[in-house]
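Chemist: Have a look at this one.
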Amino acid sequence: MNAVQSFKKSTIYKKLVLPKHWLFAVVANIREGWPGKDVEVIAVTGTNGKTSTCFLIHNMLSSAGIKSAVITTIGYGMGDDIQPLDAHGGHMTSLPAPSLLKKIKELKEQGVEVIVLEVTSHALSQYRTLGVPFSIGVFTNLTREHLDFHGSMEAYRDAKLKLFKKVARNTNGKQVGIANIDDKYGNDFLAVVPNKVGYSVQNGGASAFAQEIKLSPEKSTYKAVTDETTYSIICNLPGEFNVSNSLAAVCVGKALGLDKKQIEQGIAATTSVSGRMTRVDAGQDFDVIVDFAHTPDAIQNVLESLQKTTKGDVALVFGATGNRDTTKRVPMGEVAATYADKVYLTDDETYTESPEKIRETVMQGIVKAGGRDKTEEIGDRREAITRAFKDAKKGDVVVLAGLGHQPYREMKSGQEPWLEKEVAEDILETL
């Protein structure tokens, strides 16, 4: 048992820390007038794909004429008016209860009918969504992440299961659980809700499944098949993993009673999500992709998808975050060495850790997977990106993974302004 697990089982944690979070949430609800009680909330959880799935759902509802709002890692707002989360949230995906409730109250005052909310395991464990009933729950996947907080995959799963249990308790809502049954934990989530929808890109026996999938560097097309209807889907977010994310959105649209045309046009309405498979074009003859991928599974998904659609080599610029789950660093290195043709190991966000030690641990995974000869270690991220661009040939793709949409980096020396897409554009222009 590690120190975190020991602390979570301690009397101090159970009697002081958790009640404190609960009390803050109750006080915040009383102060704001329990703003979540009469608004329909669609909650999305999972390790990867939450933000993209939220925007696919939100844009689908907005294009259907529903006053929809979204609250995610990237920002919040109604329709196309998406504002960045304030400094109160920092890099947090799910805001603390006081901030979240203020956002919900603000959106309700603007006339919102449905809120699409990205929800993390931390938020569920710490009562940040207390007082916000969930009508529909969506589960994307569960892979290695946050084990520094939860201690085990089972505890991580159980934390996320609280979302679907909230759906089941919401007797005024639809009580629909939508889960990716390609994930080994998917059926655990469906087991706790009255109305179950399993979706899959692999299993033709699911409630909703994808067939005739065609991938390209810019988009994917496929048929989404349900019991009653077959939808012709154009997903303008590239990658097979976004086929899965958009299929979840199709299931939400069906649960809400949208018709075939509304769902098809609604999915196609999402043309990009900031920091998620974002293309950078400064006239170069190779592709540059910025993606928030910062877990082994997410990096693998991005690299595998690009290998299927790229004529040249797939290069990866990445690092691991400091002060976070250290158990994923070696697997991240293994995935990079296995699925990328060229690897540039650099710094992500170091927080208070030694950047050299972080890279050393990731390199262990690279070496373990036999990728040392195709890897360059360059600590300075701008220098690493520059080197990757200089090495790239026509038809190649360079993936900048880990930072995505974030406007700054938390480094050992302090907070550093950094927007990966703008950094990449600046480097490309100087070359």
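Chemist: State whether one or more residues within the range 210-225 are surrounded by 23 or more Cβ atoms within 10 Å (Cβ to Cβ) and under 16 Å from VAL302 (Cβ atoms).
Modeler: The answer is yes; a qualifying residue exists.
Chemist: Would you confirm whether or not the range 95-102 contains a residue that is outside any loop (DSSP other than H, G, I, E, B), touching a Leu at 6+ places or on another chain (Cβ under 7 Å), in the same structural domain as TYR185 (by TED's automatic domain parsing) and at pLDDT below 90?
Modeler: The answer is yes, given that some residue of the range 95-102 is outside any loop (DSSP other than H, G, I, E, B), touching a Leu at 6+ places or on another chain (Cβ under 7 Å), in the same structural domain as TYR185 (by TED's automatic domain parsing) and at pLDDT below 90.
Chemist: Could you say whether any residue in the range 250-259 is under 20 Å from the mean Cα position of the chain (by Cα) and farther than 24 Å from GLY65 by Cβ?
Modeler: Looking for residues that are under 20 Å from the mean Cα position of the chain (by Cα) and farther than 24 Å from GLY65 by Cβ, one finds none in the range 250-259, hence no.
Chemist: May I ask you to list the residues in the range 338-360 that are in a helix (DSSP H, G or I), under 24 Å from the mean Cα position of the chain (by Cα) and of a type outside the set (Phe, Trp, Tyr)?
Modeler: THR338, ILE358, ARG359
Chemist: Residues MET363, MET332: which one is aliphatic (A, V, I, L, M) and under 21 Å from the mean Cα position of the chain (by Cα)?
Modeler: MET332
Chemist: Could you give me the residue pairs with C-beta distances under 7 Å whose first residue belongs to the range 349-378 and is among the aromatic types (Phe, Trp, Tyr), whose second residue is crowded, with 16+ Cβ neighbours inside 10 Å wherever it lies, and which are 6+ apart or on separate chains?
Modeler: Sorted first by the residue in the range 349-378, then by its partner, the pairs are TYR351/GLY322; TYR351/GLU410.
Chemist: Something else about it: Would you check which residues across the range 167-185 are β-branched (Val, Ile, Thr) and either surrounded by fewer than 14 Cβ atoms within 10 Å (Cβ to Cβ) or outside any strand (DSSP E or B) (or both) and list them?
Modeler: Across the range 167-185, the qualifying residues are VAL167, THR171, ILE181.
Chemist: If only one of LYS328, LYS412, LYS393 is surrounded by fewer than 19 Cβ atoms within 10 Å (Cβ to Cβ), touching a helix residue (DSSP H, G or I) at 6+ places or on another chain (Cβ under 8 Å) and of a type outside the set (A, V, I, L, M), which one is it?
Modeler: None of the others qualify; the one that does is LYS412.
Chemist: Identify, please: which residue in the range 186-228 is assigned to a strand (DSSP E or B) and in contact with a Ser or Thr (Cβ under 6 Å, 6 or more places away or on another chain) and is, among those, nearest to GLU240 (Cα to Cα)?
Modeler: Checked the range 186-228; the qualifying residue nearest to GLU240 (Cα to Cα) is LEU215.
Chemist: Is there any pair linking a residue in the range 67-82 that is basic (Lys, Arg) to one that is not in a strand (DSSP E or B), with Cβ under 6 Å and at least six apart or on different chains, and which?
Modeler: Listed pairs, sorted by first residue: LYS67/GLY111; LYS67/VAL112; LYS67/GLU113.
Chemist: Report, by residue number, each residue of the range 253-269 that is buried (at least 24 other Cβ atoms within 10 Å of the Cβ) and within 24 Å of VAL302 (Cβ to Cβ).
Modeler: ILE267
Chemist: Something else: Could you check the range 115-149 and list, in sequence order, the residues that are at pLDDT 95 or above, surrounded by fewer than 22 Cβ atoms within 10 Å (Cβ to Cβ) and more than 21 Å from ALA191 (Cα to Cα)?
Modeler: Of everything in the range 115-149, nothing turns out to be at pLDDT 95 or above, surrounded by fewer than 22 Cβ atoms within 10 Å (Cβ to Cβ) and more than 21 Å from ALA191 (Cα to Cα).
Chemist: While we're on this one: Residues that are touching a helix residue (DSSP H, G or I) at 6+ places or on another chain (Cβ under 8 Å), assigned to a strand (DSSP E or B), of a type outside the set (S, T, N, Q) and surrounded by fewer than 18 Cβ atoms within 10 Å (Cβ to Cβ): does the range 233-245 have at least one?
Modeler: yes
Chemist: Shifting gears a bit: Of all residues in the range 186-199, which are among the small types (Gly, Ala, Ser) and surrounded by 20 or more Cβ atoms within 10 Å (Cβ to Cβ)?
Modeler: Of everything in the range 186-199, those that are among the small types (Gly, Ala, Ser) and surrounded by 20 or more Cβ atoms within 10 Å (Cβ to Cβ) turn out to be GLY186, GLY198.
Chemist: For the range 404-423, name all the residues that are in contact (Cβ under 8 Å) with a residue 40 or more places away in the chain and in a strand (DSSP E or B).
Modeler: Answer for the range 404-423, where residues must be in contact (Cβ under 8 Å) with a residue 40 or more places away in the chain and in a strand (DSSP E or B): ARG409, GLU410, MET411.
The values are calculated or read from the model by the stated rules, or taken from the named source; none is laboratory data. Everything numeric in this text was worked out from a predicted model, so none of it was measured. Positions of Cβ are backbone-derived with ideal geometry, glycine not excepted, and every protein chain shown enters the neighbour counts.
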